[in-house]
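Written out below as structure tokens is the structure these notes cover.
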2 protein chains.
Amino acid sequence: MARLNLKLLLFLLIAVVSCTLVTYIFTCGHPTSSHTSFIHRLKESSSPESRGKLYEELLCSINGMYHISCRKEGREVFIPFSFLEKYYEVYGKLTKNRGHEQFEWSHSYSKVFKPTTRYNSSGMFMYFSNYNVEVRDRVKCISATEGVPVSTQWEASGYYYPVQVAQYGLSHYSKNLSDRPPKRKVLEDGNLVTAKWQVPKGASVKRNYDYEKFTHVLEFNSHDSPGISLKLKQGIDLVLSFDLRFLSMNGSLTIFLEDRDRSTIFPVSFVCSPVLIHVLNSSAGSYSTNYGLGSCQNWNQLTRDLHVDLVKGHVLSGRGKKLSKTKLRIHHLLIKGHGQLDNLTLASSNHMGMFYSSADWLVRHQDSSGGWPIGVKRKIASGKADLDPGWYSAMGQGQAMSLLIRAYYRSGESHYLEAALKGMKPFSKSSTEGGVRAYFMNQYPWYEEYPTVPPSFVLNGFIYSLIGLYDVLSLAPHDQVGDAQLLFDQGMHSLKKLLPLFDTGSGTVYDLRHFTLGLAPNIARWDYHSTHINQLLLLSTIDSDPILTTIASRWISYMSGKRAAHN
Amino acid sequence: MARLNLKLLLFLLIAVVSCTLVTYIFTCGHPTSSHTSFIHRLKESSSPESRGKLYEELLCSINGMYHISCRKEGREVFIPFSFLEKYYEVYGKLTKNRGHEQFEWSHSYSKVFKPTTRYNSSGMFMYFSNYNVEVRDRVKCISATEGVPVSTQWEASGYYYPVQVAQYGLSHYSKNLSDRPPKRKVLEDGNLVTAKWQVPKGASVKRNYDYEKFTHVLEFNSHDSPGISLKLKQGIDLVLSFDLRFLSMNGSLTIFLEDRDRSTIFPVSFVCSPVLIHVLNSSAGSYSTNYGLGSCQNWNQLTRDLHVDLVKGHVLSGRGKKLSKTKLRIHHLLIKGHGQLDNLTLASSNHMGMFYSSADWLVRHQDSSGGWPIGVKRKIASGKADLDPGWYSAMGQGQAMSLLIRAYYRSGESHYLEAALKGMKPFSKSSTEGGVRAYFMNQYPWYEEYPTVPPSFVLNGFIYSLIGLYDVLSLAPHDQVGDAQLLFDQGMHSLKKLLPLFDTGSGTVYDLRHFTLGLAPNIARWDYHSTHINQLLLLSTIDSDPILTTIASRWISYMSGKRAAHN
């Protein structure tokens, strides 16, 4: 009461001393109501009905628990979006529509990509061409020894996560199909194309035939000089490939990137070191980023997105991740030490190079059980179901298979096929015995993204594993597919049966941990929800069972606020 | 654009020709903004920050699908409740709080009753003392031959629904424990208490010993007179009990009710007729309601809530169901024909009489398999899983058991115990063979409210069946409980395991038809949701497993808008 009386006082005070809307109401003789507080007429409203309605403040009691300030106009009550935003987790923003401000209310923030054609195992992988795996925060950097991303998601020191490696490769495979062909310029191949190296006194370069590589290479030796450099023409291409080995114990290849606006130089070096990435802050306030080549006396074939390489150093130097790609160019290269260089190439992109880096990593790191063991502990549901290092992920297996079978399809190289086929082995082994196969109530097999005991039944990972099986089925020679058909059919059968358990009537759950671990349902955030839908839509192009489209349609409708009916 | 230009035109027109807020803005020289439409200053707002903010109309684009009219004030956007109400199915109403108008936002409309003591099988049944089964729309009337409600829920012609019969009895049992003791006045018992009957010429009353009833009764014979009447003192008690049989082929007992305001007389008659209820509209615009006594030559023991009896006639006469109980009184009684009357009693209530009516009905109508067959077809999910007439309901069995074991506890009569024990029989028989027992994935037994094939796994009905088993376990002699313990334990085990499947993260599903029939989830409306909670809270007083309270707490939180976390 005290509060309201104060308001009244304030109201009267303003009314007396100033020429305002309020005094107008008094002086022009149109008092709108006997209400004492906060009343306006909305005279100019567009709709005749609302003209002359009262606009006032009103307290809203929310479930009898607390109050918020609302507005009232006639019989309509208006609720502040800042409340709804949190209460319902709905999204909104003010935008301009043809010059007029409007408010965009969005039930979800995610998108569904409706497929227009039947899924093709040799084509793009889902909508992965939109993915930029390497720029994700949880990617520490692209390893210079392995050519694949290093994850920090579950272990800050970094590790190779097969799912991420496969996604990196699949995204570049897909970009290769969706992007325009890259611009590509060979700078030095030791033979036909030669670069104009600036060789200081005491240093040397020569081109000769290498009997290990069966090709001409550039041999360099900087001796005691500051290094052999190559000035590059101004250009926007930032993907550099090269083959490099050192004959000396130490050596480096440094790319000097220039931020054209700030006239700052950022050196990115590839050095003889076992350290993945190392940032050196200089006293002058600048820094340099070093990538370790490991045993640099062997030939290293590198494909580097220098923007990504620089950003990762930028982040590690504590400068954040904002470094616009469009403002960077390569200023010059500098080689130190004694070694050999070949196929130095600058391109606008090299998606296939990155794709094969992933494929090769998967071939190198597959174990004898066909699995790609994951070297970090994974805690599910705050430690209720842990996975000790060395676990396999059905999703990792499936995505690796999707990638490897594409590598086989593109290259014809049988070792990719063999790895893809071997990747199926953990699907037949129980998750209680180190495999990825679980059963829902001992009846429906499920390939586990996280093969916890009890099982967690993650939906999106399971479907990715089914897509991997389907890709193998589609592209491997028929007489070599082994269990792929059986595993795929069993999985599809389980999927169709258990899909409804993921339906909350207004969204989806990410997994069935509420059922197996007795926890609260683990609601899928909108991007996982739309992943579920995108996956079902993909499957619906290869399996005509109406349950896939029926459920996908219902789940799509949830994204704009529809709900399943209540009784 | 055209629409907005029109608005601008209108705006300018108003500005020129009339003394309004708008002209004020122009003439007093405080244009608030360059916006062309619908702008106000909120000068008198209580908070200093919001003072001087603009209040304007703004279009809200809802999920890019349609637009609604919102309001904007500073950076805050206000959304009309009339939109939110439908979009989110949330509830709101304008109320007064200490004289000030406020708006009450309610996430749900239902209530939870937190138990304060351990559940007692001989005590009140849940919160059924709040139930008024007989006044529900789907109750046609209380049968005068059976003394229990007749349902029209799934068949308009009416049928006895064991679940409803049991709920009627359990609600009166509970009311008997919660209400103050009834006022009760015996009007005539043929012996010690005698009423002042007005016996017209040619008619007769006498009191004599009845060798069938082993008591004195009133024998009446109206012969050709208009009937023998009894004028009653003005009072508010409307529950009339009497034992009646006719020695003639026809006869009636009519109670004349009076609406004190309107001075209208409403006759309610109990007549020799097989017709359940019959309403006779008179030419004068009034009507009378007749209840058939069936074979009226046998003794009928009736306990009638005359308000309910009248309301049901009122509804059937097409006059709606509004007939205030507080305005009714009994004016007089009239008997016609030749017959016997005993124990004529007027009371404020007779809950135990009604309770035993239910118990007796259940004893009379139990079949040799221990079931209470339901004589109507039940369609589940628009015909996808139908139950043909004659099906049993585990909920009906359970609630009947809860009622019968209380009747045994109160009366000591063994036939109630026997019926309660026999009621368990369908729990051990598969729903595919006419029983109520289904299995979730062949592993977890479930007692089906609707024993469809495939099963529907209705949650609340299952829990009611468990409570019935528990009541039998608690009150039946230990050496006679048979399978009750096993059935209860198995059921509780299933319940705890499957409960999470009913959790949507923001509410509950009523059943698992989405899983078994592949339909959309059947979301439980808020009253069923609160029933789920109330049932779990009851069970938590007899079973200390924390899963019951954990889930109940989570489900309670959903009622005020909380949701399970998303990942």
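The values are calculated or read from the model by the stated rules, or taken from the named source; none is laboratory data. These numbers were taken from a predicted model, which means no experiment stands behind them. Please note: Cβ atoms are built from the backbone with ideal geometry, for glycine as well, and neighbour counts cover all protein chains shown. Heads up: the accessible areas ignore ligands, DNA and RNA and are worked out on the full protein's heavy atoms, side chains in. Shrake-Rupley method; radii C 1.70, N 1.55, O 1.52, S 1.80 Å.
Condition test on B:Asn534, is it modelled with pLDDT under 95 and either in contact with a helix residue (DSSP H, G or I) (Cβ under 9 Å, 6 or more places away or on another chain) or aliphatic (A, V, I, L, M) (or both)? When the stated conditions are applied, B:Asn534 does not pass them. The range B:503-567 holds helices (runs of 4 or more DSSP H) entirely within its bounds, and those carrying 2 or more residues that are among the polar types (S, T, N, Q) and either on the phi > 0 side of the Ramachandran plot or touching a residue at least 40 places away in the same chain (Cβ under 8 Å) (or both) map to B:526-540. For the range B:71-83, the set of residues classified as surrounded by fewer than 19 Cβ atoms within 10 Å (Cβ to Cβ) and facing another protein chain (nearest Cβ under 7 Å) consists of B:Glu76, B:Pro80, B:Ser82, listed by residue number. Among the residues of the range A:420-452, those that are within 14 Å of chain B (Cβ to nearest Cβ) and over 18 Å from A:Lys377 (Cβ atoms) comprise A:Tyr439, A:Phe440, A:Met441, A:Asn442, A:Gln443, A:Tyr444, A:Pro445, A:Trp446. Quick check, is B:Leu59 part of a strand (DSSP E or B), at the interface with chain A (Cβ under 7 Å from one of its Cβ atoms) and farther than 15 Å from A:Glu57 by Cα? So B:Leu59 passes the test.
Exactly one residue among B:Asp309, B:Asp342 is buried (at least 20 other Cβ atoms within 10 Å of the Cβ), under 12 Å from B:Leu257 (Cβ atoms) and among the acidic types (Asp, Glu), and that residue is B:Asp309. Which of the residues belonging to the range A:488-528 are more than 7 Å from chain B (Cβ to nearest Cβ), under 23 Å from B:Ser456 (Cα atoms) and open to solvent by 20 Å² or more (accessible area, probe 1.4 Å)? Result: A:His493, A:Lys496, A:Lys497, A:Arg513, A:Thr516.
Scanning the range A:149-185 for residues that are of a type in the set (A, V, I, L, M) and out of contact with any strand residue (DSSP E or B) (no Cβ under 7 Å at 6 or more places or on another chain) yields A:Ala156, A:Val163, A:Ala166, A:Leu170, A:Leu177. Residues in the range B:215-241 that are surrounded by 13 or more Cβ atoms within 10 Å (Cβ to Cβ) and in a loop (DSSP other than H, G, I, E, B): B:Ser222, B:His223, B:Ser225, B:Gly227, B:Leu232, B:Asp237, B:Leu238. Considered as a group, the residues in the range B:140-167 that are aliphatic (A, V, I, L, M) and out of contact with any Gly (no Cβ under 9 Å at 6 or more places or on another chain) include one that is most open to solvent (accessible area, probe 1.4 Å), and that residue is B:Ala156.
Residues are listed down the side, and each one gets a yes or a no for (1) assigned to a helix (DSSP H, G or I); (2) open to solvent by 10 Å² or more (accessible area, probe 1.4 Å):
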| residue | (1), (2) |
| --- | --- |
| B:Ser349 | no, yes |
| B:Gly371 | no, no |
| B:Gln397 | yes, no |
| B:Arg406 | yes, no |
| B:Arg410 | yes, yes |
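Across the range B:453-487, the number of residues qualifying as within 24 Å of B:Glu418 (Cα to Cα) and either assigned to a loop (DSSP other than H, G, I, E, B) or within 14 Å of another protein chain (Cβ to nearest Cβ) (or both) comes to 6.
Within the range A:412-431, the residues that satisfy the criterion of being assigned to a helix (DSSP H, G or I), of a type in the set (D, E, K, R) and either on the phi > 0 side of the Ramachandran plot or in contact with a Ser or Thr (Cβ under 9 Å, 6 or more places away or on another chain) (or both) are A:Lys422, A:Lys425.
Residues in the range A:187-203 that are open to solvent by less than 50 Å² (accessible area, probe 1.4 Å) and part of a strand (DSSP E or B): A:Leu187, A:Glu188.
Of the residues examined, A:Arg136 is one that is among the charged types (D, E, K, R), surrounded by fewer than 18 Cβ atoms within 10 Å (Cβ to Cβ) and touching a strand residue (DSSP E or B) at 6+ places or on another chain (Cβ under 9 Å). Among the conditions (1) touching a Phe, Trp or Tyr at 6+ places or on another chain (Cβ under 9 Å); (2) of a type outside the set (Phe, Trp, Tyr); (3) more than 8 Å from chain B (Cβ to nearest Cβ); (4) surrounded by fewer than 21 Cβ atoms within 10 Å (Cβ to Cβ), A:Ile533 misses just one, which is (4).
Taking the conditions exactly as written (modelled with pLDDT of 95 or more, surrounded by fewer than 17 Cβ atoms within 10 Å (Cβ to Cβ) and aromatic (Phe, Trp, Tyr)), does A:Tyr447 satisfy them or not? No, not satisfied.
Can you name every residue in the range B:267-288 that is at pLDDT 95 or above and polar (S, T, N, Q)? Answer for the range B:267-288, where residues must be at pLDDT 95 or above and polar (S, T, N, Q): just B:Ser269.
Annotation: A:Thr145 fulfils all but one of (1) within 14 Å of chain B (Cβ to nearest Cβ); (2) touching a residue at least 12 places away in the same chain (Cβ under 8 Å); the unmet one is (1). When B:Lys206 is tested against (1) crowded, with 17+ Cβ neighbours inside 10 Å; (2) not in a loop (DSSP other than H, G, I, E, B), exactly one condition is not met: (1). Among the residues examined, A:Ser560 does not qualify as open to solvent by 10 Å² or more (accessible area, probe 1.4 Å), within 28 Å of the chain's Cα centre (by Cα) and more than 9 Å from every other protein chain (Cβ to nearest Cβ).
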